[in-house]
Every structure is written in C-alpha cells, then in structure tokens.
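Enquirer: Starting off with a structure, shown below.
The values are calculated or read from the model by the stated rules, or taken from the named source; none is laboratory data. Bear in mind that the values here come from a model prediction, so they are computed numbers and not experimental data. No Cβ is skipped: glycine too gets one built from the backbone with ideal geometry, and neighbour counts run over all protein chains shown.
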C-alpha cells in the first residue's frame, strides 16, 4: 500500500532540496532517517519531518508497520517565487527571485517482508559458539618471522648531522 505526504511552499530553492532528496531515494525508512539526521544541509531537517509525517500517516491512518516501508518516490517541484528588486548602478534595478519548493514523498511496503521470527538460542548453543570463537582466536597467533623481516628504515649518520642545530 502506498502512503503519501506533501510539504508545500518550503522557502529553500528546489535545486538545494533535490541534493538531499537524491540521497534518500529508494532507501528503507530507517536508513533514510539515519542518513537525514547526520546530513549537514538546511533542507535535511524539513525533509526528515516530512518523512516522519509519512510514517505517522502509515501507522495511524492505515494501521501498518512503518518499519516495513521504503521511499519509492520523492519529488521536489518548484513552488511560487517571491520577486524582489535590488538597486544597481546608474538607476537600474536587479531582479532577485526567492524560490520555494513543493516536496512529495511516496512510501511503499517492502514486499515479502514480515515480522522476523527471532530464534531463541539455548544456553548450550551459546557455549558452543564461545568455544568456536576461542579456537579461531588461538589460531591467529602473531608470526615472529614476519616481524623480524620487516626492518625499520635506517637514517645515515651523515644526513642526521646536517640537520642538527647544535653540535655535540
């Protein structure tokens, strides 16, 4: 089932918002949230709020688990422009366009994904895994022969005397 959410008249240029939208397109809801939380862009915060709104729509309106969703479509369209004028030389005026954006997110369910049945391990299984880990650790002992072959680069005594500030 598809779930929509829209953000209209965001006062950030669409070109800048598309950079953030391209990062999360096609990702799962959890991955997209993590990506947006650590993105240093002004438009990341409104896009994150819109994504959370879409997840809330899925949960409250359709009683669906929002963790089973991915971003199937995200579009950033141009909104209305506020036109301003800046004085220029010789009596002229330069136009300034303050652009805005319309963002639309469509979430879709991941097909074939259901609640994971977590297999509970018994105490015996845990002990077996610990023994395996210990055996693999014992096999990885440092090799002394390799350490002996690796030599530190030697500095010639004549070169080191050249760069001394004080003589001995």
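Enquirer: State whether the residues of segment 68-78 include one that is surrounded by fewer than 17 Cβ atoms within 10 Å (Cβ to Cβ), under 25 Å from residue 112 (Cβ atoms) and out of contact with any helix residue (DSSP H, G or I) (no Cβ under 6 Å at 6 or more places or on another chain).
Expert: There is at least one residue in segment 68-78 that is surrounded by fewer than 17 Cβ atoms within 10 Å (Cβ to Cβ), under 25 Å from residue 112 (Cβ atoms) and out of contact with any helix residue (DSSP H, G or I) (no Cβ under 6 Å at 6 or more places or on another chain).
Enquirer: To continue, here is another question. Determine which member of the set 21, 58 is in the same structural domain as residue 78 (by TED's automatic domain parsing), surrounded by 13 or more Cβ atoms within 10 Å (Cβ to Cβ) and either modelled with pLDDT under 95 or assigned to a loop (DSSP other than H, G, I, E, B) (or both).
Expert: After applying the criteria, what remains is 58.
Enquirer: Any idea which of 13, 21 is over 17 Å from residue 109 (Cβ atoms), in contact (Cβ under 8 Å) with a residue 12 or more places away in the chain and under 17 Å from the mean Cα position of the chain (by Cα)?
Expert: Only one candidate qualifies: 21.
Enquirer: Applying the selection to segment 84-120, what residues are at pLDDT 85 or above, under 24 Å from residue 53 (Cα atoms) and assigned to a loop (DSSP other than H, G, I, E, B)?
Expert: Of everything in segment 84-120, those that are at pLDDT 85 or above, under 24 Å from residue 53 (Cα atoms) and assigned to a loop (DSSP other than H, G, I, E, B) turn out to be 99, 100, 110.
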